[in-house]
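**Q** Please find one structure pasted underneath; my questions will follow.
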Amino acid sequence: MLKKSCILLLAVLLSSFTCQKRVEKPEITVLIRMMDIQDLWFREKMKQFEKENQVKINVVTFDQVEDVRQMIELERKSGEKRIGLVKTALEMVYPLAKENYLIPLDEIEDSLQLEKDLDEYLPEAVKVGTIDDRVYYVPRKLETYLLFFLKSKVKDALNNWEKDRAKINARLQEVNQYGLPAGYRLEEDPKEWDYYDLLVLSFFWANNPYHGITMPRVAHRGKRYAGTVNELVTRIFQLGGDKEDILSMGTGPVKDLFLWESFFIKNQLYHSGMWEQAWSGGDIWRAISTGEVFLCFLHQIDLFFVHGGSDPTMTGYLSDPSDLGVSIMPRGVSLELAEDGKVQRKGGHFSNLYGWWWGIPVTSPDPELSYELARFITSKENQIEECSRFGMFPVRNDVLGDLAQAFDEEWKQQIFKTTRLQFENGTKEFPRLKEWPQIGKNYLDAWYDISVKRKVVKREEISRSLKDYVRINQAILSSFEAEE
Amino acid sequence: MKILKFVLIGVILFFIIFPLFMMTKYSISDRESIVTGGEYPEPFFPFKPTLEMFGVLWSRSDFMKAGLTSLWVGLFAVAFSLLLGAPTAYALARFRIPGVAILLFFLLSVRLFPDISAVIPVAELLLSRPFSLLPPVVLVGLAHTLLALPYTVYIAKGVFESIPRDLEEQAFVLGAAKSRTFFKILTPLALPGLGAAAIYTFFLSWNEFIFAYFLTFQGTETTLPVYLLRILSWSPQKNFISAISLLICVPVIIFTFLVQRYMREGLTAGAVK
Amino acid sequence: MSGSIKPSSLLLKLKSNLFTIGFFIPAFLYLFSFFVIIVVFLLKFSFSGNVPLLHLLSVDEFKAALWRSFWFMGVGTPLQLVVGLLLALLIQQSFKGVGMVRSLFMIPIAIPALVTAIIIDLLFSYPLGPINDLLLGRHAFFPQIVSLPVNWSGSEFLSLGLAILGKTWRDMPISMLILLAGLHSIELEQYEAAKTMGARSWQQFKYLTLPLLTPAILTILILRSIENWKEFVFPFVLAPAYPLLGVLIERLYHVEQNPALAASVALGLVILIALTTLIFTTITKMVRKYLVRV
C-alpha cells in the first residue's frame, strides 16, 4: 500500500513537470554552442523573440561541432519534430547539407524575398552557405586569425635580439645548413613578419629571463579538437599550400609545416603546455595573463576576452590592456634555404576563414518560424549588440559599412580594422568535405607523432613518416568518392 | 610530547584551511591581484578586496538556475530515498528477516561498484526512452537516490533500533493498525535521526559530480558542480571560478558542522563491523 | 537464530509478515534492479564491441591507464592510511577543544571533489601560481627552493602526484573516523595496565595500539584501495593528459564515442576491484587468525 502511494506520488510529481510544457504555442528547439556569457545573452534574446511572436523556444547546448549531426539524426529516427535551428560550424556546413539533414532556404521562403534577404549579408558568407547552387544557411559570423603580441615584449626583442644571432644561427645550421637567411634582420613592422621573424622573436623570448624565469613564450592550441586542426591548416596556407596540398598531405607545404613545428618543439620555442596540458583557446588566454605567452594566433573574439572590459566577468588577461598588439598573419616561408641563403619557398599572409551559420534541419516543426528566428538573431540591431560585446566580426553589409557605430572604443576598431586588412591579404577555407573531421584527426595524430613525440627535423624523415598519414587520408577520401 | 602534538595539530589545521583560504581570497580578488602578467607574485590577500564576482553571480540567470536545479535534485533524492529507505530500515530493525546480515551487506555492496563504471549503463538507460522523457532533475534525482539509498537505510536502521520497542507494542496492543503505528508514533520519534539522514543525502547529491555530469552535460539543466565544469571549459578568470566554488561549498560546510554525528555514521557505514 | 526455524514455519512466518516484506521490498527492489541493469548492460556492451574483455590488455591506452591506476592505488592507499592514523592519534585522547579540532578535521570531506581539484589546480599553476611563487622565492618571507618553476601538470609523475594529494586531502576524515572508532574500542584498562607495567608511549603504540588496531587498518586498506582504483574526479581535472582507468572510461564514452570499449574498461575496473577486495579479505582473515593465536 505504501509502495502504491509512493508510485502515485511520484506520478503526480512527474506529471506536474510535464504539464508545464503542454502549452498550445508553436515550439522549436535551437542547438547552439557559445561562450557562457554569450549564451546568456542569446537566451535573453530568445525571450524577447518568444514574447514578440507568441512562441516557445528551447535552447539546447551541444558539446562538439560534430554532435549536431547525431542530434538531428536521433530526432529524425524518433519521428519527433523539435529541433528547428542549428548553429553550424564551418566544418559541418557541407556535411549537414550534403547528407540531407537540412531544408534549403528556397523551399521555405519564396525566391524573390529570399534573394532580397540574402543581399543583406556579406557575399563571402552567403557563398559558403551555398551548396550545389542552393542556399542552405543564414550567415551568423565570420572569423579570421589575427596575430596577437605584446607590444612591449616585441620592442624589447627588436632592441636586443642581435646578441642572440649567433646562437640562433647555430640551431638553424643543424637543419638548413646555413643559419638565418642572408641579410636577415628582424622586421619592425609586424605586417611584414614572416616565419623567420617569429622564430627570432620566439628564440629571444625563450632564452632570456622575464620576471626571473626563462621559458618559451609562444604557443598555439594543442588540444585534440577542431581549433588545433585549424591552426595547423592555416600554416599550410601560409606556406603556400592549397586545398589539394591539405588533402594529399604529402606535398611541400605540408612537409614545411611539420618541419617548422618540429623545429620549434625541439628547440623549446613552444610552451610545453600546448601538448602536456592539451591547450585550447582558453588555456592560452590564461597563459597570457601569467605572462607565459607573448605571441599567438587569436580570433577576434579571443582578442576581446584577452583585452577584457565589455562584460563584468571579462576581467581581461593583460596586466596592461594597452599593451595589446594586433597584426595580420605572418607570411609562411620555408625553413630550408637555397645555397645563396635565400628562402627556398615563400607563401603568403593567409588566414583561414572560419565561421558559423544557421541551418534549418528537416526536423523543424515549423520551417517558416525557424527562418524568421534566424533572421531575427542576425538583424542589424542584434548583430551590432553582439559584435560590440563579444567581438564578433559582423556578416551584415549595413554593419560593416559603418564600423564606427558598432565599435565605439579605439581598441575594438583596431581589431576590426586589422581584420579587414587580413581579408585583403587573403583568407582561405579548408576543404569542404563531409570527411573533413576525420582528416583533421589525421593531422592531429601526425602532429603529435612527428613533431611532439619524435621531433623530426629532417625533411626526408618527415616525408617517410608522412607516408602513413597520406595513406590514411587517401583511404578516407576514396571511401568518400565511393559514396559519391 | 604534548607540545609536539599541538604543533602537529596546528600544521594539519593549516593544511586543511589553506586551500579554502586561497579559494576565498581568489573569490574576492580585484583585477591587479590576479592578472599580474608575471611581474610580481600574486598577493596572499587581495590589494583591494571586492565582492564584485558575487554580485555578478547573483545577477546571472544561469548560475541561479543551476543552484535551483541542484536544490531540486537534492530534494528529490531526499524524498525518494526516504520514502524507499525508511520502511526498509524499519523492517530491518524490527522484524526477523532470515539472512538479514547478508541483505545488509548486499545493500551496502552496491556502493562498492565504481561510480565511473556504473554511470555508463545508468546513463544509457536513463537517457533512452521512456526515461529520457522525464525532466533531467528527476533523472539525476533517481541516480542520486541509487547512491544515497544504502546510507539512508543504514542510518535509519540505527535510528529505529534506538527507539524502544515497547512504545510500538503498546500502541499495537491498543489496536492501532500497523501502518498507523508507523506514522503516528514512530515518525515523530524518528524524525530528528531521519532528518540527519535527509541532510546527509541532500549533500551527497549536492556534491555529486559523476552521475550529474553524464546525465546532464548536454542539457540546459545542470547541477552546480556540472555548471562549474562547464564554466571551466571557457577558461574563466580565477576570481570567477573561485566565487562559484565558494558558493557551492558554504552550505555544505555549515551543515557538516551541524550534523556531524550522522555524517560520521554515514561515512563509516559498515566499515567498523 | 535463523538456523532453528524450520522451513514450514518459515513460510508461515513469511505469510504473516507480508507487511514486513511490503516494507522491505521497495528499497531492495530499487537497488537490486539497478544492480542487475548495470551488470547486464556492462556485459552486453562489452561483448558487443570489437574489443572483447579478454583482449583489453592488447589496447595500449588500457595498459597505460591500468599501470597508472595501479600506481595511484599503490601510493595513495598507504599514504591515506598514514595520514588518517596521524589524525586519529592526535585527537584520540580528549583535551580542551578536541571537539572543535575534530570538526575542523572533518571539513575536507564537505568540499566537493571537483572544487578541491580546481583549487589545487589554481594553487599549483605553472609557471606562476601561489606554490611556484613560493618555491621560486618570489615572496620575501619564503626561501628560494627551486631556480626554475616546477611544471606540475607537465609530467606524469607530478600531475598524478597532485591527484593523489587532492584525493588524500579530501578523504582524510574518512580514514580518520574509522581508525578513531577502532582506537576507541581499545579499552582504557589495557592502556592503564600497560602504563603500570612501565611501557612508554612508543612501546605502547607499537605493542598495544598497533596490533589491536590491525582490524581497522585492514578495513581501511580494503576501502581505500577500492576508492583509489575507481577514482575519477581528481585525475580528470589534474592529470587529463595521463588518464587513469576512470578517466579513460569517460574519454572513450564522451570524446571517442565508443560506449562498447568504455563498457569493457568499466567492467575491467569492476573485476580489478573485486580481485583486490578478495586478496585483501584473504589477508585480513589470515592476519585475524594469526592475531587470535598470539
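**Q** Restricting attention to helices (runs of 4 or more DSSP H) lying wholly within the range A:369-433, give those where 1 or more residues are crowded, with 16+ Cβ neighbours inside 10 Å and outside the structural domain of A:Lys87 (by TED's automatic domain parsing).
**A** The qualifying helices (runs of 4 or more DSSP H) are A:410-425.
**Q** Here is a further query. Considering only the range B:47-57, state which residues are more than 8 Å from every other protein chain (Cβ to nearest Cβ) and touching a helix residue (DSSP H, G or I) at 6+ places or on another chain (Cβ under 8 Å).
**A** Passing the criteria: B:Phe47, B:Lys48, B:Phe54, B:Leu57.
**Q** Please count how many residues of the range A:97-107 are crowded, with 19+ Cβ neighbours inside 10 Å and touching a helix residue (DSSP H, G or I) at 6+ places or on another chain (Cβ under 7 Å).
**A** The total comes to 4.
**Q** Out of A:Leu180, A:Leu201, A:Leu146, A:Leu186, report the one residue that is under 30 Å from A:Asn382 (Cβ atoms), touching a Leu at 6+ places or on another chain (Cβ under 7 Å) and either not small (Gly, Ala, Ser) or not in a strand (DSSP E or B) (or both).
**A** Result of the check over A:Leu180, A:Leu201, A:Leu146, A:Leu186: A:Leu146.
**Q** For C:Trp169, which of the numbered conditions (1) at the interface with another protein chain (Cβ under 9 Å from one of its Cβ atoms); (2) part of a loop (DSSP other than H, G, I, E, B) fails to hold?
**A** With respect to (1) at the interface with another protein chain (Cβ under 9 Å from one of its Cβ atoms); (2) part of a loop (DSSP other than H, G, I, E, B), C:Trp169 is out only on (2).
**Q** Let me ask you something else. Among the residues of the range B:20-77, write down those that are buried (at least 21 other Cβ atoms within 10 Å of the Cβ), under 22 Å from C:Thr116 (Cα atoms) and not aliphatic (A, V, I, L, M).
**A** Within the range B:20-77, B:Lys25, B:Tyr26, B:Ser27, B:Ser29, B:Ser33, B:Glu42, B:Phe63, B:Thr69, B:Ser70, B:Gly74 qualify.
**Q** I've got another one for you. Return the residue satisfying two criteria in turn: it lies in the range A:53-77 and is outside any loop (DSSP other than H, G, I, E, B) and charged (D, E, K, R), and of such residues it is farthest from the other protein chains (Cβ to nearest Cβ).
**A** Taking the candidates together, the pick is A:Arg76.
**Q** Being part of a helix (DSSP H, G or I) and either in contact with a His (Cβ under 6 Å, 6 or more places away or on another chain) or among the aliphatic types (A, V, I, L, M) (or both) is the filter here; which residues of the range C:90-115 pass it?
**A** C:Leu90, C:Val98, C:Met100, C:Val101, C:Leu104, C:Met106, C:Ile107, C:Ile109, C:Ala110, C:Ala113, C:Leu114, C:Val115
**Q** Okay, next question. Residues B:Phe44, B:Phe80: which one is within 11 Å of chain C (Cβ to nearest Cβ), among the aromatic types (Phe, Trp, Tyr) and not in a helix (DSSP H, G or I)?
**A** B:Phe44
**Q** Something else now. Failed condition for C:Phe72, given (1) free of Cβ contacts under 8 Å to residues at least 40 places away in the same chain; (2) surrounded by 19 or more Cβ atoms within 10 Å (Cβ to Cβ), with all others met?
**A** (1)
**Q** Which is in contact (Cβ under 8 Å) with a residue 40 or more places away in the chain, assigned to a helix (DSSP H, G or I) and surrounded by fewer than 16 Cβ atoms within 10 Å (Cβ to Cβ), of C:Leu43, C:Leu87, C:Leu81?
**A** C:Leu43
**Q** Return a yes/no flag: does the range C:71-91 have any residue that is more than 21 Å from the chain's Cα centre (by Cα) and either at pLDDT below 95 or farther than 26 Å from C:Leu158 by Cα (or both).
**A** yes
**Q** Counting only residues that are touching a Leu at 6+ places or on another chain (Cβ under 6 Å) and β-branched (Val, Ile, Thr), which one in the range A:418-439 is nearest to A:His299 (Cα to Cα)?
**A** A:Thr418
**Q** If the requirement is being of a type in the set (A, V, I, L, M) and not in a helix (DSSP H, G or I), which of these qualifies: C:Ala241, C:Ala262?
**A** On inspection, the qualifying residue turns out to be C:Ala241.
**Q** Which of the residues belonging to the range B:217-227 are surrounded by fewer than 24 Cβ atoms within 10 Å (Cβ to Cβ) and either of a type in the set (Lys, Arg) or assigned to a helix (DSSP H, G or I) (or both)?
**A** Answer for the range B:217-227, where residues must be surrounded by fewer than 24 Cβ atoms within 10 Å (Cβ to Cβ) and either of a type in the set (Lys, Arg) or assigned to a helix (DSSP H, G or I) (or both): just B:Tyr227.
**Q** Please name all residue pairs, on different chains or six or more residues apart, with Cβ atoms under 8 Å, provided the first residue is in the range C:226-239 and is over 18 Å from C:Pro112 (Cβ atoms) and the second residue is of a type in the set (Val, Ile, Thr).
**A** Once the first residue is over 18 Å from C:Pro112 (Cβ atoms) and sits in the range C:226-239, its partners that are of a type in the set (Val, Ile, Thr) give C:Ile226/C:Ile273; C:Ile226/C:Thr276; C:Ile226/C:Thr277; C:Asn228/C:Thr77; C:Trp229/C:Ile273; C:Trp229/C:Thr276; C:Ala239/C:Val247.
**Q** Right, something else. Give B:Leu104, B:Leu83, B:Leu68, B:Leu125 a once-over and let me know the one that is touching a residue at least 12 places away in the same chain (Cβ under 8 Å) and either out of contact with any strand residue (DSSP E or B) (no Cβ under 7 Å at 6 or more places or on another chain) or assigned by TED's automatic domain parsing to the domain that holds B:Ile244 (or both).
**A** B:Leu104
**Q** Examine the range A:185-206 for a residue that is touching a residue at least 40 places away in the same chain (Cβ under 8 Å), in contact with a Cys (Cβ under 8 Å, 6 or more places away or on another chain), within 14 Å of chain B (Cβ to nearest Cβ) and not hydroxyl-bearing (Ser, Thr, Tyr), and state whether such a residue exists.
**A** no
**Q** A follow-up question, please. Before we move on, is A:Gly325 surrounded by fewer than 22 Cβ atoms within 10 Å (Cβ to Cβ), without any contact (Cβ under 8 Å) to a residue 24 or more places away in the chain and not in a loop (DSSP other than H, G, I, E, B)?
**A** It is false that A:Gly325 is surrounded by fewer than 22 Cβ atoms within 10 Å (Cβ to Cβ), without any contact (Cβ under 8 Å) to a residue 24 or more places away in the chain and not in a loop (DSSP other than H, G, I, E, B).
**Q** Moving on to the next point. Return a yes/no flag: does the range C:216-232 have any residue that is within 30 Å of A:Val65 (Cβ to Cβ), assigned to a helix (DSSP H, G or I), within 11 Å of chain B (Cβ to nearest Cβ) and modelled with pLDDT of 90 or more.
**A** no
The values are calculated or read from the model by the stated rules, or taken from the named source; none is laboratory data. What you see is a predicted model, and the numbers here were worked out from it, not measured in a lab. Neighbour counts are summed over all protein chains in view; Cβ atoms, including those assigned to glycine, are modelled from backbone coordinates with ideal geometry.
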